[in-house]
Amino acid sequence: MLNEFAWLGDSGIVLVGSTNGIDGYSVKSQPTNMLISSNLFRETGIYVKQSSPVLISVSRSVRVVDNVMFNMPRAGVNINDGYYGNHTISGNVIFNSVRETSDHGPINTWDRQVYLSDGAEAGVPSVWQHTSYIHHNLLFNNYNSFYPIDHDDGSCFYEDSYNFQVYGGKKNYLGHSKTDQHEIYVYPDTKSSQGTGVCIADQAPSKGSSGWNEVWVENTCILYQSPVPYNIWNCDTSDLFVPYLANNRIYVPISTQVAFICNVNGSSARLSLDQWQSYGLDRGSTVQSAPNIETIIEWGRQILQHKNYSVGVVF
């Protein structure tokens, strides 16, 4: 706590455990119940660009809370794998990330390797992990960042809530079982690389493989110039396989009409909110004209000042 990490050649804090192959259940050799709190990280990764102020790898129940991170070549917080879970990333301010690389964000997660642990249920080995929680962070998706919370490469079992995310939206790529609720996304359409630029980018969903149990509810998304809120790959009204969407507030530029893009009768169509909802999607959601920047900032203050560390967390 209360440390400054500056002008580092590599990462700031690295947590790395070990397993016997994929067996992390019978091998108890992982950082556990670690707290990284109230630190300043800046000018990291001077020489090693594949680095982060905080790297979490093969670890259990790590809390990264109330830190400030800026000026790094890649992510601010990188959760390297899906081992065990039950991590909490909360109350952090992260900006000026991904300055010298690409395809990353202020917070990045991966899940490329299956591990055996008892994260899902104590004493019961499983390849599923405990849900991790990302909440009440202020994230600026500037420089080369793709998404404020970049859930990449099969990331699953996350609950993201009450984050104020500027210049980016939600991402799912080859993952499943993530919930986004009470989030605010500001001007995600100022980014346009590889399908970014929307409130939701649901990439490569495939029944039985990825994209299932994705939930996006009670969120606010303000678009700057585009009227298209979602980029859902392979969206087809004849065989819908999309996130569960409900009670969201979508704001589009003044004098534009929202357009939900999905195939209808074999052809791509731009659907109105009423047409989109006629398929049982986004029930309770609304579309309105975008508010002014002062209103948006006030919304951010409101959600960030009501921080509750008990959001779903198990210690």
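What follows is calculated from the coordinates using simple rules that are stated; it is not laboratory data. Nothing here was measured: the structure is a model prediction, and the numbers come from that model. Don't worry about glycine lacking a Cβ; one is built from the backbone with ideal geometry, like all the others, and counts go over all protein chains shown.
Key figures for this structure:
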item: Mean separation of Cα contacts under 8 Å, 6 or more apart, over the residue count of the range 44-94: relative contact order %; result: 45
item: For the chain, the longest site-free run once trypsin sites (Lys or Arg not before Pro) in DSSP loop states with at most 16 other Cβ atoms within 10 Å are removed; result: 208-306
item: Test item: Cα-centred dipole of the chain, Lys/Arg +1 and Asp/Glu -1 on Cβ, debye; result: 260
item: Environment charge of LEU139, counting only residues whose C-beta is closer than 11 Å and scoring Lys/Arg +1, Asp/Glu -1; result: -3
item: Under DSSP loop assignment and at most 16 Cβ neighbours within 10 Å, longest GluC sites (Glu not before Pro)-free interval of the chain; result: 101-217
item: Filtered chymotrypsin sites (Phe, Trp or Tyr not before Pro), the range 207-302: DSSP coil and at most 16 other beta carbons within 10 Å; result: TRP212, TYR224, TRP233, PHE241, TYR279
item: Rule-of-thumb Rg ratio for the range 176-263 [Cα; 2.2 N^0.38 Å; N residues]; result: 1.06
item: Reciprocal mean inverse distance between Cα atoms of the range 98-237 - Kirkwood radius, Å; result: 15.3
item: Sum of -39500 (n - 2.57) over DSSP H runs of 4+, divided by residues of the chain (222 nm, nearest 500); result: -1500 deg cm²/dmol
item: Antiparallel DSSP beta bridges within the range 4-305, percent to nearest 5; result: 10
item: Cysteines, the chain, no other Cys beta-carbon under 4.7 Å; result: CYS156
item: Alpha-carbon Debye profile of the range 1-91, log10 I(q)/I(0) at 0.11, 0.23 Å⁻¹; result: -0.31, -1.09
item: Positive dipole terminus of the range 148-291, leading residue within SER268, HIS151, PHE164 (C-beta point charges); result: SER268
item: Only Lys, Arg (+1) and Asp, Glu (-1) charged, at Cβ; the range 1-70 dipole about Cα centre in debye; result: 160
item: Alpha-carbon radius of gyration plus Dmax, which is the widest Cα pair, for the range 4-305 in Å; result: 19.1, 60
